[in-house]
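Worksheet for the structure shown next.
The values are calculated or read from the model by the stated rules, or taken from the named source; none is laboratory data. Note that the structure is predicted; figures quoted are calculated from it, not measured. As a convention, Cβ positions derive from the backbone with ideal geometry for all residues, glycine included, and neighbour counts pool all protein chains shown.
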Amino acid sequence: MARLLLTGGAGFIGSHTAVVLQQAGHQLVVLDSFSNSSPEALRRVEALTGQSIDVVTGDLRDPNAVERALAHGVDAVVHFAGLKAVGESVEKPLLYWDVNLTGSRVLLEAMAAAGCRTLVFSSSATVYGIPDHVPIPEAAPVQPNNPYGRTKAAVEQMLADVAASEPGWRVASLRYFNPVGAHPSGQIGEDPLGIPNNLFPFVSQVAVGQRPHLKVFGSDWPTPDGTGVRDYIHVMDLAEGHRAALEVLLDSADQQLTLNLGSGQGHSVLKVVQAFEKASGRPVPYELVARRPGDAASTVADPALAKELLGWSTRRGLEECCRDGWAWQQANPSGYR
Ligand code: NAD
Ligand code: UD1
């Protein structure tokens, strides 16, 4: 049993990971500004697990807030907090560098001062940019093609530098592929503000009748049906990947891991539409439109290293992603609001 700080623990991935970590016997402290989440998510996590969470409301960039969170006697940190919208990062690059990079630096300084040197970081497959080959191994070139991705690559580099500077750091950068789905209870899930940028929340809002149709970005990609292919990972599999990474870190002396968390399976946009229609029993009308700037044809993880080093691999497929995402959407058509 460890005491863990989750920055951004009220968000989509943080809240699902909180359930898995509490059920594994860990005690949780969450630091969140609630800039992109609701305290209700944490109340529902507590209801699912029957255990309470210590919540510190504050900004990652505020050293006092981070210090207050670490003062709970934290053994390790899982660092989810950050901004994640690619388009917004192009419009507001300084905001992204500030929250994602400065926030991470403030966290590392406070951790060093508190003597806590164990960290799991939410990185992203976006660091690979447009990949040369799929599936993508961790050794593939890091060539992000937007400001958001560059902040993730920079934090990975900062973590490597810090870990090399003194003994005792145990760090894992987890490069998530496309997290989707929800807790099977339908009690917690993804709650995007405004118009979703990502495929899954958009498709589920079309199925529930909130939006008239999906725009499929590109039907002339070099893929089997011409639409973009991605590696969708069920958020509960992703949450279990964090538990596995933490357990490996907490069991070792110095450790530096950079790992893909993905399924190794690619699915096209049209395949996702069909799977969601089947899971929901609702039509998902769509229109084929032009490619979205900055998109890759296909991104699929090579998940072999995570399997080897963490003993972890995904257990849920596209069908469960759609089933659980739909259960959440139906029970909470306006999210937590
Ligand atoms: P999310 O927006 O749902 O969660 C992020 C959480 O961080 C929110 O609760 C938000 O309120 C909080 N937060 C934001 N800025 C903060 C600040 N300055 N101080 C304190 N708290 C702050 O996003 P998510 O999908 O759960 O993503 C979690 C992490 O995983 C992010 O770092 C994201 O970049 C990364 N990631 C996400 C995806 C994805 O598709 N969801 C893919 C790859 C990587
Ligand atoms: C996007 C981001 C990526 C980020 C990831 C997870 C871009 C260019 N990339 O990736 O950096 O790490 O989200 O947050 O924004 N699609 C449609 N219609 C839609 C939405 C998406 O056809 O309305 C297609 C896309 O073209 C793509 C697939 O669906 O082929 C998945 O899109 P999305 O969910 O946005 O994920 P990524 O493109 O992988």
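Looking at the stretch 164-279, what strands (runs of 3 or more DSSP E) fall wholly within it and have at least 1 residues that are crowded, with 16+ Cβ neighbours inside 10 Å and at pLDDT below 95?
Details: elements: 170-176, 178-180, 214-217, 232-234, 255-261.
Filter on the stretch 164-279 gives 255-261.
Which of the residues spanning the stretch 32-60 are farther than 24 Å from G194 by Cα, in contact with a Leu (Cβ under 9 Å, 6 or more places away or on another chain) and either in contact (Cβ under 8 Å) with a residue 40 or more places away in the chain or of a type in the set (A, V, I, L, M, F, W, C) (or both)?
The answer is I53, V55, V56.
If only one of G294, G325 is under 19 Å from P131 (Cβ atoms) and among the small types (G, A, S), which one is it? Don't jump to the end; show me each part of the working.
Working: G325 fails: under 19 Å from P131 (Cβ atoms).
Only one candidate passes the filter, namely G294.
Does L257 count as in contact (Cβ under 8 Å) with a residue 12 or more places away in the chain, within 24 Å of H79 (Cα to Cα) and more than 13 Å from ligand 2 (Cβ to nearest atom)?
yes
Check A154, A140 and return the single one that is surrounded by 16 or more Cβ atoms within 10 Å (Cβ to Cβ) and under 24 Å from S35 (Cα atoms).
Details: A140 fails: under 24 Å from S35 (Cα atoms).
The match here is A154.
Just to be sure I understand the filter: pairs with C-beta atoms under 9 Å, separated by 6 or more residues or on different chains, first member in the stretch 155-167 and within 18 Å of V142 (Cβ to Cβ), second member assigned to a helix (DSSP H, G or I) and aliphatic (A, V, I, L, M). Which pairs pass?
If the second residue must be assigned to a helix (DSSP H, G or I) and aliphatic (A, V, I, L, M), the pairs left are V155/L101; E156/V127; M158/L101; M158/L108; L159/L108; V162/L108; V162/A112.
Give me a count of the residues in the stretch 18-57 that are within 16 Å of ligand 2 (Cβ to nearest atom) and buried (at least 19 other Cβ atoms within 10 Å of the Cβ).
Here the count works out to 1.
For R44, are the conditions met, namely being more than 9 Å from ligand 1 (Cβ to nearest atom), basic (K, R) and touching a His at 6+ places or on another chain (Cβ under 9 Å)?
Here the answer is yes, as R44 does meet what is asked.
Name the residues in the stretch 292-315 that are assigned to a loop (DSSP other than H, G, I, E, B), of a type outside the set (A, V, I, L, M) and crowded, with 21+ Cβ neighbours inside 10 Å, would you?
Initial filter on the stretch 292-315 (assigned to a loop (DSSP other than H, G, I, E, B)): 292-297, 300, 302-303, 311-315.
Still in the running and of a type outside the set (A, V, I, L, M): 292-295, 302-303, 311-315.
Within the stretch 292-315, P303, W312, T314 meet the criteria.
Among (1) within 11 Å of ligand 1 (Cβ to nearest atom); (2) touching a Gly at 6+ places or on another chain (Cβ under 9 Å), there is one condition N198 misses while meeting the rest; what is its number?
(2)
Kindly check whether there is at least one residue in the stretch 3-17 that is within 16 Å of ligand 2 (Cβ to nearest atom) and farther than 16 Å from A182 by Cβ.
yes
Of all residues in the stretch 141-153, which are aliphatic (A, V, I, L, M) and part of a helix (DSSP H, G or I)?
Correct list: A153 only.
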